[in-house]
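Single-structure report; data block below.
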Amino acid sequence: MRIISSKKMVHSETHREVVERNRRWSDYLRKRQIVSEALEKNTEQIRLSKRTTSNLFRYKNRQHQATRAIPLKDFDHVIALDQGRQTLNVEGLATYESIANYCLARGFLPTVTPELKHITIGGAICGIGIESTCHRYGFVHDGLIEADLLLPSGEVVTCRADNEYADLFYALANSYGTLGYILRTVIQLCPVKPYVHVRNIRYSNINSYVDAMEDATVEGTDDYIEGLFFSDRELYLTVSSQVDDPPYVDDIYGKNTYYKTLRTREEMYLKTKDYIFRYDPDWFWNIPDTALFNLFRQLAPKSLRNSGAYNRYVQFKQKLMKLLRVRPDNTEEQLIQDWEVPWDRGKEFVRFLLGAVDIQGQPWVALPIRTLKSPTLYPLKAGALYLNIGCYCFAKRPDADEDYHYTKLLDKKCFELGGLKMLYSSTFLDEADFDRIYNGQSYRALKQKYDPDDNAPTLFEKTVKAR
Ligand SMILES: Cc1cc2nc3c(=O)[nH]c(=O)nc-3n(C[C@H](O)[C@H](O)[C@H](O)COP(=O)(O)OP(=O)(O)OC[C@H]3O[C@@H](n4cnc5c(N)ncnc54)[C@H](O)[C@@H]3O)c2cc1C
């Protein structure tokens, strides 16, 4: 992994900071002991209980099969930042917002910091986490150095790439808590500057767009690379760099909406924290573009302009509609998914999805990702370049009688092209195909070794059956 060297002097800790670090470490050990003892002799299926809203997304509400909730909400603190090693020791349920606040104050960020503030570090490792630094640093899990895992039996093990739990270490990505819960991690950081210079270039055909993204990736001089595209004639490539002294600073709250601004501006300067969480205030583009919500955009305090608050509002609205027996709009279907296809099949995938799906004027997201490792349960090729495509909105429902037609169509195309899809959203594979694609044979061996009593659901049960 290429870590940019910091020009800053390594700060030596004050006595107070050492005391604080030791206190956080003792607190962590105490909490770990309590949760581990509480799980001893457990025979029930376990599930995670946490403070923040989940970003695990299912088209239909699902019932928890697991009966025993494991309260891990207090494992949400940073323990220590090591400036010399450029690493962060942090509890597994810490949100990226709290991690970013702590690290930015010291001139650092995790190598890959997902765009939604309430995603947690453990969730992003065991789900799959991405961002516009993936061309340089791979996925979130590529920055993992060490993890304390609470096994479903209550035992806590420390896994690293070079110790007796290396098999578990490499299987954490895409395990979704089915092999245990991360209580603490050590992750790689990189030094950052306080502002980001965003440059935005419009393309009007798919070939030159994907080629330009590849050129930027190969050149490697931009800190952040991503794209949004609305049609095969309106495609934006955004390449951004960290800066110390911007000529002005843009605001993405109030009247401004980041993704809309991209359609009209060729450049912007943002605070680094605003850049990282640029899609959070509108939960990508899910806050409706209506007079009422535009008023909300302008008047709501920042504490309510975030994906967590919006997520809670959507859940409340769904419950209310159910209670009032309001029938959902049948002309649309949700399409919230991420796919990775090998780079040389990227243009074909983009052409296919633009031809097949109408997402009603909303954008698709494109990201170049160069994986560093090949994790056991997310077996992309190490070192290869992939094109990630994300879609986070509603699609116009086709005449087809089947539910979630587009998810099935695009998943099938992605697998045909040799790609993988993330499993945070609904998936419709049968078990044999699932096993073939996500390395079921190795998974079963690991599950038998680390959860022989089946105290946690299997990956298939959790990500496909509970759709
Ligand atoms: C609309 C939408 C947009 C998204 N956008 C992005 C994005 O921009 N960037 C990005 O990187 N990802 C994105 N994701 C994916 C997201 O990172 C994953 O869904 C991730 O797993 C969510 O983590 P969470 O902390 O919210 O955990 P949860 O949603 O609460 O949990 C997700 C899964 O991980 C397990 N889990 C949670 N914490 C732990 C832990 N400590 N140890 C072990 N297992 C755990 C849970 O049991 C569950 O199976 C998006 C998802 C959605 C639905």
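Please treat every number below as a calculation from the coordinates, not as lab data. If you're wondering where the values come from, they're calculated on a predicted model, not measured in any experiment. Here the Cβ positions follow ideal geometry from the backbone for every residue, glycine too, while neighbour counts run over all protein chains shown.
Here are a few things to note about the model shown:
- Pairwise Cα separations in the chain fall into 20 Å bins from 0 onward with the following percentages, short to long: 24, 59, 17, 0.
- Residue-wise HN-Hα coupling along segment 256-261, computed from phi with Karplus coefficients 6.51, -1.76, 1.60 (Hz; x: Gly, Pro): 7, 10, 3, 5, 6, 4
- At q = 0.14 Å⁻¹, base-10 log of I(q)/I(0) for segment 267-366 (Debye sum, equal scatterers on each alpha carbon): -0.80
- Anisotropy class of segment 206-277 from Cα gyration tensor, a/c 1.5 cut: oblate
- Cα lying deepest toward the dipole's positive end in segment 15-191, options Ile187, Asn101, Val19, charges on Cβ: Asn101
- Note that segment 240-245 has calculated 3J(HN,Hα) couplings of 9, 9, 6, 9, 8, 10 Hz, one per residue in order, obtained from phi through the Karplus relation 6.51 cos²θ - 1.76 cosθ + 1.60 (θ = phi - 60°); glycine and proline are x.
- In the chain, helices alone account for a calculated mean residue ellipticity at 222 nm of -9000 deg cm²/dmol, with every DSSP H run of four or more residues adding -39,500 (n - 2.57).
- Cα convex hull of segment 177-237, projected area averaged across orientations, nm²: 7.5
- Panel order for Tyr424, Tyr310, Tyr259, by other beta carbons found within 10 Å of each beta carbon, from fewest to most: Tyr259, Tyr310, Tyr424.
- Over all distinct Cα-Cα pairs of segment 15-191, the Kirkwood formula returns a hydrodynamic radius of 16.6 Å.
- Table column - 3J(HN,Hα) (Hz), segment 192-207, Karplus curve with 6.51, -1.76, 1.60, x for Gly and Pro: 9, 9, x, 10, 10, 9, 9, 10, 10, 10, 8, 10, 10, 8, 5, 4
- Global form of segment 120-278, assessed from the alpha-carbon gyration tensor, a/c cut-off 1.5: prolate
- Ratio of Rg to Rh over segment 308-352 (Cα coordinates, Kirkwood Rh, two decimals): 1.24
- Computed as a quarter of the hull surface, the mean projected area of the alpha carbon convex hull for segment 86-183 stands at 6.1 nm².
- About the Cα centre, charge dipole magnitude for segment 15-191 (Lys/Arg +1, Asp/Glu -1 at Cβ), debye: 560
- Taking all Cα pairs closer than 8 Å and separated by 6 or more residues, the relative contact order of the chain comes to 18 percent.
- Order of Tyr258, Tyr269 - criterion: other Cβ atoms within 10 Å of each residue's Cβ, fewest first: Tyr269, Tyr258
- In the chain, a dipole from Cβ-located charges (positive for Lys and Arg, negative for Asp and Glu) runs towards its positive end, and of Phe394, Val140, Phe169 it is Phe394 whose Cα lies farthest in that direction.
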